[in-house]
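Asker: Before I ask anything, here is the structure I am working with.
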């Protein structure tokens with residue numbers, strides 16, 4: 001009897017073990033089946049490549065050009081040991097160290113042409129932040145389109161070369177103006193290319209000495225192709241990108257125009273002839289437009305051609321001085337203060353510190369350093385015939 005109980009106990013234990021093994025095996029099979037079925041439960045439908053999604057309208061593009069444009073192909077830089085500029089978005093102060101690093105790549109694709117005319121100031125109404133619709137193409141203009149631009153070209157078609165030049169300029173300006181363009185993403189720009197000065201003047205109503213201009217409210221650039229197209233295009237696009245940073249306020253006119261001339265000079269590796277001439281006069285005679293007048297000017301409409309040349313030359317030279325002789329981090333700080341509406345003398349002091357607590361001090365120090373550099377041979381001007 002005792003042996004029988006032991007035998008039955010062993011049989012029961014074996015049965016329980018077999019049952020547990022069966023349950024365990026079934027559980028594993030269930031899990032395996034569920035795992036193999038899981039992708040089917042959550043598998044999406046195959047993509048229907050026959051359906052083409054319509055591209056956004058022009059209104060959808062405006063204000064989002066940087067987000068929606070493809071990567072821009074730029075010419076390879078010259079073979080040097082200098083590492084390529086970083087595209088990582090860092091703090092604005094550190095980004096200023098890389099300011100003006102991409103425009104040197106444009107000359108390989110840009111049309112050759114000297115800048116013979118001074119520009120007129122950009123059209124910047126007080127409500128420039130309230131954008132307006134573009135005008136339709138005038139009679140005789142052919143159109144083209146890129147992610148960054150809508151292009152109207154007088155008489156001639158918008159060729160791939162024109163698009164390539166404009167998109168390359170755009171890509172490098174985004175790099176060079178990064179501390180300012182990361183705050184406000186650039187809008188899509190309307191570019192109007194005129195075949196002759198007469199049609200340009202008739203359409204824009206700009207003065208006779210103007211070769212290009214821009215409209216901040218409508219994000220439009222006007223330029224005469226045969227009058228330094230490359231240099232003037234860089235100039236006017238700088239207005240449209242740099243000035244966006246200060247909206248809804250307007251940047252001081254001297255800063256807006258000075259930065260635009262500075263960028264065009266850096267891009268073309270050549271100062272305009274009028275800048276060469278007027279800088280020579282300034283360092284030799286010491287005669288300048290007082291900075292109080294230069295920095296308070298809101299328009300140049302009543303300026304003579306000669307005075308406008310001096311004004312543009314000084315604005316360019318001061319921006320060059322503040323960016324390169326001083327610190328670019330301090331330049332950004334000054335611009336940040338001006339964006340807040342800080343008066344220029346306070347913005348100078350908060351950006352650069354002593355002794356720049358007065359506009360007159362900046363004028364005296366700038367002129368002293370300019371004349372000293374000229375005497376020491378560190379400031380050179382083009383000689384007649386174009387050689388340095």
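Asker: Return the pairs, sorted by first residue and then second, in which the second residue is assigned to a helix (DSSP H, G or I), the first residue lies in the stretch 298-321 and is free of Cβ contacts under 8 Å to residues at least 12 places away in the same chain, the beta carbons are less than 7 Å apart, and the residues are 6+ apart or on different chains.
Answerer: Going by the 7 Å Cβ cut-off, the qualifying pairs are 303/311.
Asker: Looking at the stretch 141-157, which of its residues are under 24 Å from residue 201 (Cα atoms) and in contact (Cβ under 8 Å) with a residue 24 or more places away in the chain?
Answerer: Passing the criteria: 141, 149, 150, 151, 152, 153, 154, 155, 156.
Asker: If you don't mind, there's one more thing I want to ask. Can you confirm whether the stretch 131-146 contains a residue that is in contact with a strand residue (DSSP E or B) (Cβ under 7 Å, 6 or more places away or on another chain), under 20 Å from residue 244 (Cα atoms), at pLDDT 90 or above and surrounded by 15 or more Cβ atoms within 10 Å (Cβ to Cβ)?
Answerer: No, the stretch 131-146 contains no residue that is in contact with a strand residue (DSSP E or B) (Cβ under 7 Å, 6 or more places away or on another chain), under 20 Å from residue 244 (Cα atoms), at pLDDT 90 or above and surrounded by 15 or more Cβ atoms within 10 Å (Cβ to Cβ).
Asker: I need a count of the residues in the stretch 294-321 that are out of contact with any helix residue (DSSP H, G or I) (no Cβ under 8 Å at 6 or more places or on another chain) and either surrounded by fewer than 12 Cβ atoms within 10 Å (Cβ to Cβ) or more than 15 Å from residue 253 (Cβ to Cβ) (or both).
Answerer: Quick first cut of the stretch 294-321, residues out of contact with any helix residue (DSSP H, G or I) (no Cβ under 8 Å at 6 or more places or on another chain) only: 296, 301-302, 304-308.
This time we only want the ones that are either surrounded by fewer than 12 Cβ atoms within 10 Å (Cβ to Cβ) or more than 15 Å from residue 253 (Cβ to Cβ) (or both), so: 301-302, 304-306.
Number satisfying all stated conditions: 5.
Asker: Could you go through the stretch 361-380 and let me know if any residue there is outside any helix (DSSP H, G or I), farther than 15 Å from residue 251 by Cβ and either touching a strand residue (DSSP E or B) at 6+ places or on another chain (Cβ under 7 Å) or in contact (Cβ under 8 Å) with a residue 60 or more places away in the chain (or both).
Answerer: Scanning the stretch 361-380, I find at least one residue that is outside any helix (DSSP H, G or I), farther than 15 Å from residue 251 by Cβ and either touching a strand residue (DSSP E or B) at 6+ places or on another chain (Cβ under 7 Å) or in contact (Cβ under 8 Å) with a residue 60 or more places away in the chain (or both), so the answer is yes.
Asker: Something else now. For residues that are outside any loop (DSSP other than H, G, I, E, B), under 28 Å from the mean Cα position of the chain (by Cα) and touching a residue at least 12 places away in the same chain (Cβ under 8 Å), tally how many sit in the stretch 265-296.
Answerer: Adding up the residues that qualify gives 12.
Asker: Let me ask something else about it. Only one residue in 262, 230, 245 is surrounded by 22 or more Cβ atoms within 10 Å (Cβ to Cβ), part of a helix (DSSP H, G or I) and modelled with pLDDT under 90, so which one is that? Reasoning before the result, please.
Answerer: Working: 262 fails: modelled with pLDDT under 90; 245 fails: surrounded by 22 or more Cβ atoms within 10 Å (Cβ to Cβ).
Testing whether each residue is surrounded by 22 or more Cβ atoms within 10 Å (Cβ to Cβ), part of a helix (DSSP H, G or I) and modelled with pLDDT under 90 leaves just 230.
Asker: Identify all residues within the stretch 337-360 that are free of Cβ contacts under 8 Å to residues at least 24 places away in the same chain and in a helix (DSSP H, G or I); write none if there are none.
Answerer: Matches in the stretch 337-360: 337, 345, 346, 347, 348, 349, 350, 351.
Asker: Give the stretch 187-204 a look and list any residue that's assigned to a loop (DSSP other than H, G, I, E, B) and either modelled with pLDDT of 85 or more or crowded, with 22+ Cβ neighbours inside 10 Å (or both), or say none. I'd like the intermediate steps shown before the answer.
Answerer: At the first step, the residues of the stretch 187-204 found to be assigned to a loop (DSSP other than H, G, I, E, B) are 187-188, 195-196.
Across the stretch 187-204, the qualifying residues are 188, 195, 196.
The values are calculated or read from the model by the stated rules, or taken from the named source; none is laboratory data. These numbers were taken from a predicted model, which means no experiment stands behind them. All Cβ positions, even for glycine, are placed from backbone atoms using ideal geometry, and neighbour counts span all protein chains on display.
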